[in-house]
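Here the structure is laid out as structure tokens; the discussion comes afterwards.
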């Protein structure tokens with residue numbers, strides 16, 4: 001009887017050990033599955049090492065999830081949903097431009113997305129001719145569309161709050177390369193550019209502008225003309241000096257690039273008499289003084305050339321007939337006519353008629 005009881009206990013012990021072993025195996029399987037759900041690789045970029053995903057402002061979790069599915073970036077959607085729910089990502093969706101890597105786990109991916117750890121973009125703009133061109137260029141790099149940007153630039157009350165007019169609004173944008181987050185709005189864009197504008201127009205530059213009795217806006221407008229007159233940095237300050245002399249003498253600026261801008265035809269390479277007939281505040285042959293706004297986005301170099309214009313007694317200049325890109329300067333109209341005649345003859349010889 002004792003032997004039978006002992007044998008029964010031994011069998012029970014074996015059964016319990018077997019059950020325990022099964023439990024341990026099942027727990028291990030469940031643990032491995034859970035670990036794989038959270039930490040196992042679940043991003044498949046189809047042979048690419050990295051890519052960027054763009055999540056628009058106001059996107060829902062389902063929209064983000066569906067975009068991953070459409071691109072085929074998620075291997076196991078159920079595990080992505082499971083981890084997302086536990087990390088509360090459906091309620092923490094953030095807009096932005098996110099760098100994702102092949103083989104990322106759900107944990108890595110969802111942490112990046114819900115914390116908004118996006119990658120910045122570099123936004124560069126130089127020598128834009130119009131506000132529309134500028135707005136379009138910027139809209140290609142950030143989330144704000146060109147319509148929302150141009151609407152603000154054309155809103156008089158908004159531009160007045162920034163110390164500008166609708167006509168000279170583009171001067172708020174100092175050409176350079178800036179770091180932005182992709183989900184920047186039009187309003188945020190202007191706020192940032194205002195800070196950059198104020199940083200550029202420091203006390204030293206403001207004092208220089210005041211010493212030549214010009215506002216930063218007037219400096220910018222003149223710089224935009226100088227910039228379109230020459231690509232040669234070493235003569236920008238001389239050309240700026242010509243325009244300062246003309247303003248002081250109450251002469252019209254008679255700047256060909258302003259006439260081209262008035263026509264909005266930037267293919268014009270030779271300004272003819274017919275072009276001078278246009279009635280526009282940008283026609284500096286008809287109207288004295290500076291036009292109401294810039295004719296391009298003036299570079300910091302062009303702005304400095306006006307702030308530090310060269311003092312001389314030249315009143316005229318025209319392109320040299322050697323097509324070097326440099327200009328011949330003259331003190332008298334007679335000298336200027338002789339220089340201009342040489343250049344016009346060379347234009348004719350090269351059959352440049354417009």
Item to complete: Could you check the simple spin-label distance between residue 176 and residue 264, using points 7 Å along Cα→Cβ, in nm with one decimal?
Response: 3.1
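Express in nm, to one decimal, how much length is gained between residue 232 and residue 192 on full extension, taking 0.36 nm for each residue of separation and deducting their alpha carbon distance. Walk me through the numbers on the way to the answer.
Numbers: separation 40, 0.36 × 40 = 14.40 nm, distance 3.08 nm.
This chain segment gains 11.3 nm when fully extended.
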Practice prompt. Rank-order 317-326, 284-293 by packing density, defined as the average count of other C-beta atoms within 10 Å over each peptide's residues, highest first.
Written response: 284-293, 317-326
Practice prompt. Would you please put 330-342, 235-247 in order of how densely packed they are, using the mean number of other Cβ atoms within 10 angstrom per residue and starting with the highest?
Written response: 235-247, 330-342
Discussion item. Under 19 Å from a point placed 7 Å out from the Cα of residue 44 along the Cα-to-Cβ direction: which residues of the stretch 60-89 have their backbone N that close?
Written reply: 65-83
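Mind sorting 232, 311 by how few other Cβ atoms lie within 10 Å of their own Cβ, fewest first? Show your work: numbers first, answer last.
Numbers: 232 13, 311 8.
Ascending number of Cβ neighbours within 10 Å: 311, 232.
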Worksheet item: Taking Rh as the Kirkwood radius, which is the inverse of the mean 1/r over Cα pairs, what is the Rg/Rh value for the stretch 93-200?
Response: 1.07
Worksheet item: Roughly how tilted is helix 333-349, in degrees to the nearest 10 and between 0 and 90, from the longest Cα axis of the chain?
Response: 60
Worksheet item: Mean residue ellipticity at 222 nm from the helices of the chain, using -39,500 (n - 2.57) per DSSP H segment of n ≥ 4 over the full residue count, to the nearest 500 deg cm²/dmol?
Response: -16000 deg cm²/dmol
Worksheet, complete the sentence: Extension length gain for residue 213 and residue 272 (0.36 nm per residue less Cα distance), in nm, is 17.9 nm
Worksheet, complete the sentence: Of the stretch 304-332, those with amide N under 13 Å from the point 7 Å along the Cα→Cβ vector of residue 338 are 329-332
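Convert 4 °C to kelvin, take the viscosity as 1.567 mPa s, use the Kirkwood radius over C-alpha pairs of the stretch 206-349 as Rh, and evaluate the Stokes-Einstein diffusion coefficient in µm²/s, rounded to a whole number. Kindly include the intermediate steps, with their values, before the conclusion.
Details: Rh = 15.4 Å.
Rounded, D is 84 µm²/s.
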Worksheet item: With each pseudo-label sitting 7 Å past Cα toward Cβ, what's the residue 147-residue 86 distance in nm, one decimal?
Response: 4.4
Worksheet entry | Distance between the stretch 101-143 and the stretch 307-354 - C-alpha centres, whole angstrom | 45
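Since every read-out is calculated from the coordinates, none of them should be taken as a lab result. Just so it is clear, the structure is predicted and the values come from calculations on it, not from any experiment. Glycine gets a Cβ as well: all are built from the backbone with ideal geometry, and neighbour counts include every protein chain shown.
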